[in-house]
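Have a look at the structure below, then the notes.
Computed from the coordinates by the stated procedures, all read-outs in this text should not be read as laboratory data. The structure presented is a predicted model; accordingly, all values stated were derived computationally and were not measured. FYI the Cβ positions are ideal-geometry reconstructions off the backbone, even for glycines, and counts take in every protein chain you see.
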Amino acid sequence: MNSECIFCKIVNQEIPAKVVFENDDFLVFNDINPKAELHFLVIPKLHIATLNDADFSQENLLGRMMLLAPKIANENGSTNGFRTIINCGKIGLQEVYHLHMHVLGGQKPLGGFGF
Ligand code: AMP
Ligand code: ZN
């Protein structure tokens, strides 16, 4: 828990979010500024700032985080595929420094990366 962190505050229900899935280790909620028909954020409840800060003791946690993507996508109607994104650090234009995986989908093909 990092008391300054907005996603830790969501985990602790100090600020609201539209939660679509929760278990002991993860929370999944709607992105407040969706970039696709469906746009979820999968976060570990444990505060890990970035993917650069994860280590091999967390490989099981990270593997399970990855496997939540198809479950969440398919259960919410993104049945023909989806996209995952993990932005990391300054170069990745990460805005919220609590590790999260974007899951974007819907029934319409997504746009390109648009760099
Ligand atoms: P990133 O650039 O990967 O750090 O993206 C952070 C994401 O968090 C953005 O897509 C934001 O729209 C989203 N976000 C920021 N604050 C909230 C919030 N309170 N609830 C839901 N999503 C949020
Ligand atoms: Zn946090």
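Is at least one residue of region 107-115 surrounded by 16 or more Cβ atoms within 10 Å (Cβ to Cβ) and either free of Cβ contacts under 8 Å to residues at least 60 places away in the same chain or closer than 27 Å to Asp24 by Cβ (or both)? No: zero hits. When region 6-31 is filtered for residues that are surrounded by 12 or more Cβ atoms within 10 Å (Cβ to Cβ), assigned to a loop (DSSP other than H, G, I, E, B), within 11 Å of ligand 1 (Cβ to nearest atom) and not acidic (Asp, Glu), only Ala17 remains. Looking across region 49-64, just one residue is within 13 Å of ligand 1 (Cβ to nearest atom) and either among the β-branched types (Val, Ile, Thr) or crowded, with 18+ Cβ neighbours inside 10 Å (or both), and that is Thr50.
When Tyr97 is tested against (1) within 13 Å of ligand 2 (Cβ to nearest atom); (2) among the hydroxyl-bearing types (Ser, Thr, Tyr); (3) in contact with a helix residue (DSSP H, G or I) (Cβ under 7 Å, 6 or more places away or on another chain), just one condition goes unmet, and that condition is (3). Any residue at all in region 62-70 that's closer than 20 Å to Asn2 by Cα and assigned to a loop (DSSP other than H, G, I, E, B)? No, every residue in region 62-70 fails to be closer than 20 Å to Asn2 by Cα and assigned to a loop (DSSP other than H, G, I, E, B). Which residues, taken from region 42-86, are under 20 Å from His98 (Cβ atoms), more than 16 Å from ligand 2 (Cβ to nearest atom) and among the polar types (S, T, N, Q)? Scanning region 42-86 gives Ser57, Asn60, Thr84. Looking only at region 84-115, residues that are within 8 Å of ligand 1 (Cβ to nearest atom) and outside any loop (DSSP other than H, G, I, E, B) come to 2 in all.
Out of all the residues in region 69-106, which are surrounded by 14 or more Cβ atoms within 10 Å (Cβ to Cβ) and hydroxyl-bearing (Ser, Thr, Tyr)? If the condition is that a residue be surrounded by 14 or more Cβ atoms within 10 Å (Cβ to Cβ) and hydroxyl-bearing (Ser, Thr, Tyr), then Ser78, Thr84, Tyr97 are the ones that fit. Please tell me if Ala36 is in a loop (DSSP other than H, G, I, E, B) and farther than 19 Å from Leu104 by Cβ. Here the answer is no, as Ala36 does not meet what is asked. Residue-level analysis places Ile72 outside the set of residues that are among the β-branched types (Val, Ile, Thr) and either more than 15 Å from Val42 (Cβ to Cβ) or within 13 Å of ligand 1 (Cβ to nearest atom) (or both).
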